[in-house]
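Derivation of every value follows stated rules applied to the coordinates shown; laboratory data play no part. Every value quoted in this text rests on a predicted model; they were computed, and no experiment measured them. All Cβ positions, glycine included, derive from the backbone under ideal geometry; neighbour counts span all protein chains shown.
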Amino acid sequence: MLNRFRQFWTKVIAPIANLLLRLGVSPDAVTLVGTIGVCAGALVFFPRGHLWLGAVVITLFVFSDLIDGYMARTSGTSSKWGSYLDSTLDRLGDGAIFGGLVLYYANAEAGDSTLMAAVTLWALVMGATTSYARAKAESLGLHASGGLAERADRLVAVLVIGFFSDVLDLPILLQIVLWYLAIASTVTVVQRTLSVRKQVLADPANAGLGTPSGSASAGSAAPGPATTSSGTETEPGPVPGADSERRGETGPDGPGADGSSPRS
């Protein structure tokens, strides 16, 4: 949903980004400051019940996700490190937003609802799993995108509805959207899991971890996944464009609608 407006907002933030570049500010610095602002807005205001104020503060810092990408592309400093840093810090920001709402409902003087605290926590967990499911699939040469609840949609829903829920004194609005996100995120994980399974079953010759995707021979030797000294598999490294809002990456969870290249 947000991606449809990326071109418009890119034009809006361009003067700010160009000014920061002239002042010698790096895209990574903008990424870090933006994440700190999002986390502070969520963890300072949400637990105390100041939902509208927290939503405003978070929204202001969320735009750093567009600013740093524009700065990186304009200055020619796009890099795999920048993409990794932004994608990783995005997870911290998401965790802070939903974590702040968990604390809000756990606060007897604010939300005071154990049930909603549990629902919000589930939405947080499944949102993170949605991102990981795509990253893991892409590390295996498969695809796992799309679904009911992608990252941009989750953020917009929580921030916009959270703001009006507080301003209009209608807490039911936020409760409804959190229930929806908890369910939609769960459905999204299931959809992506079934999609990966379907791809694997459709190409049994390349279903083994030691078989490179698209190889001509199913029996050809290939190195398996990396292992630790104890023999356990390690997780895959970061995958460019994996479920990220990041600096112009492509993909349903974070494409650059302006057609710009990723920071890689």
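Things worth noting here:
- With a Förster radius of 25 Å applied to the C-beta separation of F164 and L92, the computed FRET efficiency comes to 0.45.
- Theoretical gain in end-to-end length, L194 to Q7 [0.36 nm per residue, Cα-Cα removed]: 64.0 nm
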